[in-house]
1. Would you kindly state how much longer the chain becomes between residue D:72 and residue D:46 on full extension, computed as 0.36 nm times their sequence separation minus their alpha carbon distance, in nm to one decimal?
2. I need B:71, A:157, B:105 ordered by Cβ neighbour count within 10 Å, fewest first.
3. Using 0.36 nm times the number of residues separating residue A:53 and residue A:24, minus their current alpha carbon distance, what extension gain do you get?
4. Note down the relative contact order for chain C as a percent, whole number, built from C-alpha pairs under 8 angstrom at least six residues apart.
5. Which of A:70, A:39, A:13 ends up with the largest GNM mean-square fluctuation for chain A, with Cα atoms connected below 10 Å?
6. Tell me, what is a quarter of the convex hull surface for the C-alpha atoms of the protein assembly as shown, in nm² with one decimal?
7. Per residue, what volume in Å³ does the convex hull of the Cα atoms of segment B:129-188 enclose?
8. Using a label point 7 Å beyond Cα on the Cα-Cβ vector, give me the inter-copy distances for residue B:81 in nanometres, one decimal, shortest first.
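Any read-out appearing in this document is the output of simple, stated calculations on the displayed coordinates, not a laboratory observation. The model shown is predicted, which means the values in this text are computed figures rather than measured ones. Using ideal geometry, Cβ is built from the backbone for each residue, glycine included, and neighbour counts are taken over all protein chains shown.
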DNA sequence: TATGAATGAGCCTTCATTCAT
DNA sequence: GATGAATGAAGGCTCATTCAT
């Protein structure tokens, strides 16, 4: 059968949604997404019962991919600086290599359609990273809020860095480095 | 002239729009905005010919208020540290005092309905602040891109700080201080 | 007082309405008409209580002007041919000289907003002409319906003639003549 | 394919549109048309992407039906008189049998919502008839403008005839005959 | 009387979701 | 399961008319 299997369809929907959300935001029409995914309007709803569901799962899947990119080859036994540097570089490189996912992710993160549940699940995917932050970077190791603060700072600063890289792709090395300097000088223990 | 355009009504529309955009984003319906402003659906369009116009003017007015809050009593003759500290404190205090405006501002700043023109006008309102950044904080005083980078970092870091303050209003002093430390340590010349 | 007198305003409204109806049809907005007449939106309604009233009076006034143009210098004592020829030439000349009025008139004549009353009043303005038709041209002098038939034919044929003239103004003499030939050969007693 | 587009529904929409356009003109609301066609408001737009599209296709379909009615059993080998007579009778009979279509057609033909394209397509449908006119009736066989003039005259005169028939349906034979006499005497070669 | 802001019904169109095929 | 036509509730905007000034 030339038709892709179910899992491929699901992936095609998510891919199409990523591209459209990156371009036009969460107001992208489901029928547009279906068309770009190469399926019928109604089929989308057998994979995602609701547009909100699609958006939430999309957000979760992108964030998970990012978390995985960061944690692959994480040098657990290296020093704080190197571990931090590893995370930053992976984060920025992933964003530079996946600009569409990154744009979609930003659109989704400010949307009110992403539920409490989804945000919790995302935190779960970032658990290891958060732990690392709590242990190494937050001012007060016992303080969850402090860790969340630093985690949010990384995200925010990498977003800015990636915006600049998107505007001037040839300066990726410069911006990755500058961004890290600011971050590290700002938050190092 | 018959009834003149009422400045109060215009303000009521902007206020209603601020609240709804903060809550549900730019997809807030004009009829909801009108209802909340206490006027008829059609009246909104005598004040703002288009929903996009309303959104753009709303963005400009919030950003201008913020710029004014920052620049009031700006200690031009003080040292770099004090001037920077002034801006940071004003920015964070304004955000803490106007959480709705701040949320609306964030929604608007990622929206593609804000025009190039409006963004230029906003830059004009922030001209003094941008100049200050370029002269004092950016790595290369001659480099516009570097100044933009630092400016975006301030915004991003204050957004994070304000999110945390919104979640724990009683810790405003702590977060304002922590945020500044990270910022200052990160970008000081 | 530099402001025009009432009668002038009424005329200005009718003039503006003529131009707009000719251009965009009866869906021309009253506020557009008011603007083009140089008056306020509300003022229009002190001269014409309703848009339908305006449209009806406009139709009547144009038709009356046409009737007057036709009947001026009507050669009552001349023969049938000459009297008929006079009417035709006047009709076509008026249309060629007042293309805007003619276009507006045609738009109005197919509109369902022109009331029975107005159509009766128009007939009154054309009474003399109708009488002439009944006496000279209709197949059966006693038959009102027959006269109406011929009257409508004149109008229809002159409309066609005027459309052609509007498309090729330089051929006015040709079309006026051809049109008359068709008409006269068709309906002469 | 799931449910295919239903030819019946399309026809129902066109029928409803015909009736409403005949009654209130092109300002007939799409929601009224949908209601009268027995479908949901939105469904109309799966058959006609735009109100203008609906209007244009309606015009084309009515005009095509008329052209077909005229050309059916056209006596190609008969003399000029008989061929002309055939067309006239068919035209008038069609109008008398389809008064609603005829009224709608008149409304549409003066509307500026009918595009150049549609008018060209209509001309195509009338190509045979136009050829007949050019060859037999127009003063100058080589002259397109002259043929257009005569064509417009037929339409105009039949419209008048049909109006009279609509007012006095019992006199259809009389009016059909009188109309033809006027037309034939007027334009015969 | 003139003005033009205010009103709200109504218009065309979009779109998430359902369901007959 | 896949399809896409059908649905109808909004949505942004227009406009004839009213009425405070």
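1. Extending this stretch completely gives an extra 6.1 nm.
2. Ordered by Cβ neighbours within 10 Å, fewest first: B:71, B:105, A:157.
3. 8.6 nm
4. It rounds to 21 percent for chain C.
5. Result: A:39 has the largest fluctuation of those listed.
6. 47.5 nm²
7. 67 Å³
8. 2.5, 11.4, 11.6
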